[in-house]
Structure formats: C-alpha cells, structure tokens
1. Looking at Arg116, Arg90, can you tell me which residue is in contact (Cβ under 8 Å) with a residue 24 or more places away in the chain, closer than 25 Å to Lys54 by Cα and open to solvent by 80 Å² or more (accessible area, probe 1.4 Å)?
2. Which one of these does Arg22 not meet: (1) of a type outside the set (Val, Ile, Thr); (2) open to solvent by 50 Å² or more (accessible area, probe 1.4 Å); (3) over 26 Å from His305 (Cβ atoms)?
3. May I ask you to say which residue of Leu98, Leu17 is under 30 Å from Arg335 (Cα atoms), open to solvent by 30 Å² or more (accessible area, probe 1.4 Å) and of a type outside the set (D, E, K, R)?
4. Name the helices (runs of 4 or more DSSP H) wholly inside segment 11-119 in which the number of residues that are at pLDDT 90 or above is 2 or more.
5. Would you pick out the residues in segment 155-203 that are in contact with a strand residue (DSSP E or B) (Cβ under 9 Å, 6 or more places away or on another chain) and either hydrophobic (A, V, I, L, M, F, W, C) or at pLDDT 85 or above (or both)?
6. Given the criteria open to solvent by 80 Å² or more (accessible area, probe 1.4 Å) and either at pLDDT 70 or above or over 30 Å from His310 (Cβ atoms) (or both), does Ile132 qualify?
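The values are calculated or read from the model by the stated rules, or taken from the named source; none is laboratory data. From a predicted model like this one, the values you see are computed outputs, not experimental measurements. Note that we place each Cβ from the backbone using ideal geometry, even for glycine, and neighbour counts take in every protein chain shown. Surface accessibility is based on the protein's heavy atoms, side chains included, excluding ligands, DNA and RNA. Shrake-Rupley method; radii C 1.70, N 1.55, O 1.52, S 1.80 Å.
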Amino acid sequence: MSTEEIPYAADEIAPALTLTRRAAETQLDHALALSGPLRRVWTRFACGGLSFHKVCELIRTLAHHDQPLIDDVLDRCLDAASDLTTGQLRARLHRLVLEADPSGLAHSMQEGLEDRKVVSYQNPDLTGSIGIVSSHPGDVAAAVSHIDQIARSLKTEEEARTLDQIRNDVAIDLLKGTQFIASDGGGRVNVTIPAVTLEYLADHSGELDGFGPVTAEIARKTVMENIDGEWVFQVTDNGRIVATGTLARRPTEGQTRRILSEYPTCVFPGCRQAAHRCDLDHRKPFSQGGPTHNDNVGPLCRHHHMTRHHAPWLLIRKPNGDHVWTSPLGHSYTRARAPPDEL
C-alpha cells in the first residue's frame with residue numbers, strides 16, 4: 001500500500017500530531033515501508049541496531065523497489081550498516097542498487113523527476129533557504145557550474161565576500177531575474193463548465209472558447225490563471241445554451257483584501273500556505289446558493305480545498321472567526337483566528 005492509495009490519510013495525521021502536511025506524509029510513507037517491504041529494517045531499528053537517520057536512508061533508497069531487489073541489497077549491507085556513517089551507507093546502497101538493477105534505477109530516476117519542485121523555508125537564524133528538488137542530475141551539474149563560473153569571475157581582490165557567499169548571491173539574483181515578459185493579466189475567459197466542477201464537487205468536462213472541450217482540471221486551471229480577467233458563464237440544458245452572463249462567483253477586490261487580511265494563511269489546522277497563493281473557497285458551495293460574502297469565503301490551499309470536498313471533511317466557521325474541522329474519522333480540530341505572527 002502507498003500514500004497514493006490512501007491519499008487523504010496524512011490529513012488525519014497532520015493535525016493529530018501537529019505536523020505539516022509534508023511531514024505527515026513522510027511519517028506515513030515511513031510507517032508503510034517499515035511495516036511492509038522493509039520490515040527487516042524495522043526489526044533491526046527496534047532492537048537498537050540502526051539509528052533513525054540510517055533507517056531514513058534505507059527507506060529513501062529502497063522503499064520504491066521490488067521486494068527481491070530489496071532483500072538482495074539488505075542481505076549485502078544490513079549487517080554492516082551499523083558500522084557505516086550515513087554518507088557511507090548512502091553510497092553503498094546506491095552502488096548495490098545500480099549493480100542489481102541498472103535499468104530499474106534509470107526508471108526510478110524518471111519517476112523521481114515527476115516530483116521535481118522548488119521549496120523554501122525559514123532557518124532558525126531567521127535567514128531563508130530555497131531548494132530545487134529532484135532535477136535531472138545533468139541539469140544540476142550544469143547549473144552549479146554556471147553559478148560557479150559567474151561567481152569566480154566576480155571574485156576580485158577587492159571583493160570582500162567569500163566564494164560561497166558570491167555563489168549564493170549569484171544564484172538568488174539569477175532566480176529573481178531582472179527582465180520579465182509582461183503579461184496584461186486581463187482579457188476575457190469564456191468557459192462552459194458546470195458550477196459543481198468549479199466547486200470541485202464533480203469532474204465534468206468543460207469547454208474553452210476558441211479551443212474546444214477540455215477536462216475539468218484544465219478548465220479549472222485556466223480559470224484560476226485568468227482570475228483577474230472577466231469571467232463569463234453559460235448555462236446549458238442538454239447541450240443547449242439557455243443563458244449567459246458575468247460570473248459573480250469571485251469576491252470583489254475589496255472583499256478579497258479583507259479576507260486575506262483576516263486570514264493570511266490557509267485555514268486548515270497547521271497549514272501555513274500564504275493566503276494569496278490559496279483558493280478562495282465557499283464554505284457553502286456557490287452552486288448550492290452559498291453567497292460570495294466574507295463570512296462564507298475563506299482561503300484554502302489547493303490540497304486542502306480538494307481534501308474538504310473529496311475526503312470529505314466538515315468545516316464550520318464560528319462567529320468569532322475560528323474554523324472547526326471534523327475529519328472523516330470524527331476527530332475535530334480548531335484553527336483559531338489569530339494575528340499573522342501567531343499562525
């Protein structure tokens with residue numbers, strides 16, 4: 001079993017253990033691996049034969065492989081693992097996996113590329129870090145080389161910064177960019193799509209003017225990318241358009257500013273996704289008569305927006321602005337309204 005087969009299980013774990021969703025997913029991945037294909041690793045860990053960090057290395061490298069390969073690699077490295085550093089263990093595992101299944105490792109890399117992303121986080125000293133995760137190794141090497149070349153060209157005798165500091169500054173400057181292709185951000189979006197699809201209550205297909213039929217996800221994505229444009233709806237009856245108009249589902253600019261000031265992050269327990277990156281969710285769906293009003297609209301990150309509609313979780317907004325969530329298993333958690341520095 002994998003987290004894909006139980007996609008919303010981590011949302012039960014996160015508020016119960018006060019973890020972020022990513023941390024809860026990692027805990028769940030570890031539990032599934034150690035209770036299944038890597039049970040031998042759990043047995044060794046439980047009796048004190050392996051450190052937690054080494055267990056994580058074993059899970060990270062082996063959990064996604066077939067059982068025969070896992071057993072072969074463990075036969076060849078598990079006994080020696082307690083005498084190796086995590087770096088030595090990682091190198092040995094990679095070598096053994098490559099020897100056992102070179103084509104499988106190539107396939108694994110392709111799967112890993114599907115998870116590529118950019119992450120950012122705050123450090124204990126209040127600095128920030130950014131990471132480019134799961135890129136092609138050739139691209140990583142080329143990017144690092146490019147940064148290094150620029151940094152070395154800037155390292156003159158008068159330069160007080162260390163080479164590492166210059167590399168950091170160069171990378172940040174490259175990512176920030178100084179020239180951008182302007183986009184007018186406006187325009188008109190003509191979309192024929194059921195309201196229940198916009199509310200994530202169904203996945204009926206939609207249609208974009210000038211393009212044709214599209215999947216529900218593409219239609220929703222197009223709408224979100226053109227959020228500042230004019231929204232036009234078409235009401236259909238067995239494929240026949242019976243009415244058109246401007247979609248009033250979106251909050252006004254003033255309403256949006258107030259919502260974002262009241263709730264600067266996603267209102268799911270423990271989620272810190274900035275509100276300006278979230279969907280503005282109708283607690284009572286717009287398709288069911290829910291008003292586009294501050295008391296009925298709040299920010300939910302895309303994941304927790306889908307969690308609420310598909311898991312499903314029950315959400316109640318209290319008069320004081322607190323949000324009470326009840327999970328499918330019946331556990332309740334309150335996301336208290338709080339100043340931004342307390343969220």
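1. When all the criteria are applied, what remains is Arg90.
2. (3)
3. Among Leu98, Leu17, only Leu17 is under 30 Å from Arg335 (Cα atoms), open to solvent by 30 Å² or more (accessible area, probe 1.4 Å) and of a type outside the set (D, E, K, R).
4. 21-34, 39-46, 52-62, 67-77
5. If the condition is that a residue be in contact with a strand residue (DSSP E or B) (Cβ under 9 Å, 6 or more places away or on another chain) and either hydrophobic (A, V, I, L, M, F, W, C) or at pLDDT 85 or above (or both), then Ala171, Ile172, Leu175, Val189, Val191, Ile193, Ala195, Leu198 are the ones that fit.
6. Answer is yes for this residue.
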